[in-house]
Amino acid sequence: MTERKRMTLPGLVAKAAEGAQITWLTCYDYPTAFLQDQAGVDMILVGDSLGMTMLGYDSTLPVTMDDMIRHTAAVRRGAPNAWVVGDMPYMSYQPSVETAIRNAGRFMAETGCDAVKLEGGAEMADRLAGIARAGIPVIGHLGLTPQSASALGGFRLQGKSAEKARKIVEDARILEEAGAFCILLELVPDRVCRLITERSAGCIIMGLGSGPHAHGQLLIYHDAFGLYPKFTPRMAKVFADAGALLRDGLAAYVREVTERTFPAPENWFGMKDEEYDELVRLLG
Ligand code: KIV
């Protein structure tokens, strides 16, 4: 097993300052967290995308705090070294600053995660500032924010026009001033991402489908490993097709059981002849 040191906030900041790329993947369960930790992934996001990837909903909106707590705690148990981020689900922070602080506190206390993430720009800056003031590391999320997909016109590139891009650049400055130690830019043009990264005054900028200029990259695990059955978005590269591997394995299982080639003698346990004879005698 690969030995690694536990990631820390100063460790992430140092990586970004040195110009080393930060790696970040979503993860929702214990065994996958174990593999990601061993592979040396710096950050893990327990995203509310689990509504789609793990629970089969069409959006992230039905996901609850209880869902997030259960999955984040499992990921923490599997990944003791990566920097684990709990994603605040729909309506766990939008209603008020107090709601946001209470739910961010639940994440930290009940799961042992290292930070939380919430979606939105200037309009959510007071929620983000409240969480930061409570001593909880907090990440902002701009560009395509899936909880607002309906208002944004669907899952599509954000900030294509100069005016829309200016709002994203301005939102990033506001979130940084409000106390975000990191901002995720999802599906914005590469040059908008570069401008925000260049203008950051110490805030770590992470990209998802936003080009190569950020301090690091996030990918949805299921997209990157062929595990989401509905589609693979253009922004994701399939690094290994685990879905195809599993399908082949499942077909082999069905075939071997049907053909009675599984189980084989090495897969079962026998009994001494004298014990078996005695058993038959006892049963009459
Ligand atoms: O829930 C999630 O996985 C996310 C990503 C889409 C960034 O928020």
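The values are calculated or read from the model by the stated rules, or taken from the named source; none is laboratory data. Quick caveat, the model's predicted, so the values are computed rather than measured. All Cβ positions, even for glycine, are placed from backbone atoms using ideal geometry, and neighbour counts span all protein chains on display. Quick note on the areas: whole protein, heavy atoms, side chains included, nothing else; ligands and nucleic acids left out. Shrake-Rupley method; radii C 1.70, N 1.55, O 1.52, S 1.80 Å.
Points worth noting:
- Some residue of the stretch 90-113 being open to solvent by less than 20 Å² (accessible area, probe 1.4 Å), in contact with an Asp or Glu (Cβ under 7 Å, 6 or more places away or on another chain) and of a type outside the set (D, E): no
- When the criteria are applied in full, G140 meets the requirement of being touching a helix residue (DSSP H, G or I) at 6+ places or on another chain (Cβ under 6 Å) and either part of a loop (DSSP other than H, G, I, E, B) or within 16 Å of the ligand (Cβ to nearest atom) (or both).
- Near pairs, Cβ below 7 angstrom, 6+ apart or cross-chain, from the stretch 248-263 (more than 18 Å from G226 (Cβ to Cβ) and assigned to a helix (DSSP H, G or I)) to any residue that is of a type in the set (F, W, Y) and modelled with pLDDT of 95 or more: E256/F262
- Set M43, M52, M68, M88: member being over 19 Å from I139 (Cβ atoms), within 13 Å of the ligand (Cβ to nearest atom) and either within 12 Å of the chain's Cα centre (by Cα) or touching a residue at least 40 places away in the same chain (Cβ under 8 Å) (or both): M52
- In the stretch 143-174, residue nearest to the ligand (Cβ to nearest atom) [restricted to those that are acidic (D, E) and surrounded by fewer than 21 Cβ atoms within 10 Å (Cβ to Cβ)]: E170
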